[in-house]
Amino acid sequence: MKAILSVLAAAAVANAHFTMQYIWSNGVDQGQNKYLRIAPSNNPITDVTSKDLTCNVGGLSGASTSTLSIPAGDQVTFEWHQHAQRTGEDPIASGHKGPVQVFVAKAPSSAASFDGQGAVWTKIYSSGLVNPSTQQWATDVVNANGGKHSVTIPASLPAGEYLLRAEIIALHTASSYPGAQFYVGCAQVKITGGGNANPPKISIPGAYKSSDPGITVNIYNNLQSYTAPGGAVWSGQSFVPRGTPAERR
Ligand SMILES: [Cu+2]
């Protein structure tokens, strides 16, 4: 009987998924579930062609979600937990290893009415296999940091309302497809200030393929490098001084 109970307990731990529950603005906690499209459960998405990949289940509109104003160039932090709590429990069940990424998409009008479909997403952050020699993943760093990871909003992004999409991909069961677990959270923000950059954009769903080496992968084989899906990070448009170098001297 005791053996059966411990097997059941192990199964419960294996099912300990998680959701994005907080956004911080320049180090200030905005409160649980504020400015976020709330998923109905902590289950992951496993079908890369599903519209649930955009902003989680039920996340194609945010009519009941308010929108956080934040200046371009400022820092936002996302915070994840297995359950609706900040306790000593691992924010992400520690068996969940994989990359952490953040994307932005500019809404044609309001963030609340934006479904995030089409080639609208720009990757602004990605961290994967942080240290091959210790097999440390971005998820381990998030766990060590109380469930939090941060990103700077590129200063050159045009002002307007946006969806911010954070994604954690758990690869512990990813050696065949479907297997990788996509944990997704979207926040609604209004970016003020900014510039006039026109960054590269991808579709989510659309850009990810089941055959991507960052999606179907055996991570228990002393992996030495890892390429997350969705292409390169765009880190903003650098400032280009006027005139030729000779003229500037
Ligand atoms: Cu899980």
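The values are calculated or read from the model by the stated rules, or taken from the named source; none is laboratory data. Being a predicted model, the structure only gives us computed values, none of them experimental. With ideal geometry, Cβ positions are generated from the backbone for all residues, glycine too; neighbour counts draw on all protein chains shown.
Look at residue 43 and say whether it is at pLDDT 95 or above, under 27 Å from residue 228 (Cα atoms) and away from the ligand (no atom under 13 Å from the Cβ).
no
Filter the stretch 101-112 down to the residues that are touching a Gly at 6+ places or on another chain (Cβ under 8 Å) and either within 15 Å of the ligand (Cβ to nearest atom) or more than 12 Å from residue 166 (Cα to Cα) (or both) and list them by number. Step through it out loud before you land on a result.
Within the stretch 101-112, the subset touching a Gly at 6+ places or on another chain (Cβ under 8 Å) is 101, 103, 105-107, 111-112.
106, 107, 111, 112 - these are the residues of the stretch 101-112 that are touching a Gly at 6+ places or on another chain (Cβ under 8 Å) and either within 15 Å of the ligand (Cβ to nearest atom) or more than 12 Å from residue 166 (Cα to Cα) (or both).
From the list 189, 184, exactly one residue is within 19 Å of residue 76 (Cβ to Cβ) and more than 16 Å from the ligand (Cβ to nearest atom). Which is it? Spell out the reasoning first.
On the way: 184 fails: more than 16 Å from the ligand (Cβ to nearest atom).
The match here is 189.
Restricting to the stretch 17-64, name every residue that is of a type in the set (Phe, Trp, Tyr) and over 21 Å from residue 181 (Cβ atoms).
24, 35
Can you confirm whether residue 11 is modelled with pLDDT under 95 and assigned to a loop (DSSP other than H, G, I, E, B)?
no
Conditions first: (1) within 20 Å of residue 56 (Cα to Cα); (2) within 16 Å of the ligand (Cβ to nearest atom). Residue 124 passes all but one, so which condition is the exception?
Among (1) within 20 Å of residue 56 (Cα to Cα); (2) within 16 Å of the ligand (Cβ to nearest atom), the lone unmet condition for residue 124 is (2).
How many residues does the stretch 95-138 hold that are of a type in the set (Gly, Ala, Ser), part of a loop (DSSP other than H, G, I, E, B) and buried (at least 19 other Cβ atoms within 10 Å of the Cβ)?
Total meeting the criteria: 5.
I want to confirm something. Restricting to the stretch 42-55 and keeping residues that are assigned to a loop (DSSP other than H, G, I, E, B) and touching a strand residue (DSSP E or B) at 6+ places or on another chain (Cβ under 8 Å), which single residue is farthest from residue 174 (Cα to Cα)?
Filtering first and then ranking leaves 42.
Within the stretch 141-164, is there a residue that is of a type in the set (A, V, I, L, M), within 16 Å of the ligand (Cβ to nearest atom) and either assigned to a strand (DSSP E or B) or under 27 Å from residue 32 (Cα atoms) (or both)?
Taking every residue of the stretch 141-164 in turn, at least one turns out to be of a type in the set (A, V, I, L, M), within 16 Å of the ligand (Cβ to nearest atom) and either assigned to a strand (DSSP E or B) or under 27 Å from residue 32 (Cα atoms) (or both).
Just wondering, is there one or more residues in the stretch 223-237 that are farther than 28 Å from residue 97 by Cβ and buried (at least 16 other Cβ atoms within 10 Å of the Cβ)?
Step one: of the stretch 223-237, the residues farther than 28 Å from residue 97 by Cβ are 236-237.
In the following step, the residues that additionally are buried (at least 16 other Cβ atoms within 10 Å of the Cβ) were identified as 236.
Checked the stretch 223-237: at least one residue is farther than 28 Å from residue 97 by Cβ and buried (at least 16 other Cβ atoms within 10 Å of the Cβ).
Could you list, in sequence order, the residues of the stretch 122-146 that are of a type outside the set (S, T, N, Q), closer than 20 Å to residue 75 by Cβ and under 13 Å from the mean Cα position of the chain (by Cα)? Break it down into steps so the answer makes sense when it comes.
So the first thing to find is which residues in the stretch 122-146 are of a type outside the set (S, T, N, Q), and the list is 123-125, 128-130, 132, 137-138, 140-142, 144, 146.
If we keep only those that are closer than 20 Å to residue 75 by Cβ too, we end up with 123-125, 130, 138, 141-142, 144, 146.
Selection gives 123, 124, 125, 138, 142.
Enumerate the pairs (first residue in the stretch 26-44 and over 18 Å from residue 161 (Cα atoms) and of a type in the set (A, V, I, L, M, F, W, C); second residue anywhere and within 16 Å of the ligand (Cβ to nearest atom) and in a loop (DSSP other than H, G, I, E, B)) with beta-carbon separation below 8 Å, excluding pairs fewer than 6 apart on the same chain, so at least 6 apart or on different chains.
Listed by first residue and then by second, the contacts come to 39/56; 39/57.
Report whether or not residue 176 is modelled with pLDDT of 95 or more, more than 19 Å from the chain's Cα centre (by Cα), more than 14 Å from the ligand (Cβ to nearest atom) and crowded, with 17+ Cβ neighbours inside 10 Å. Don't jump to the end; show me each part of the working.
Values: modelled with pLDDT of 95 or more: yes; more than 19 Å from the chain's Cα centre (by Cα): yes; more than 14 Å from the ligand (Cβ to nearest atom): yes; crowded, with 17+ Cβ neighbours inside 10 Å: no.
Criteria not met by residue 176.
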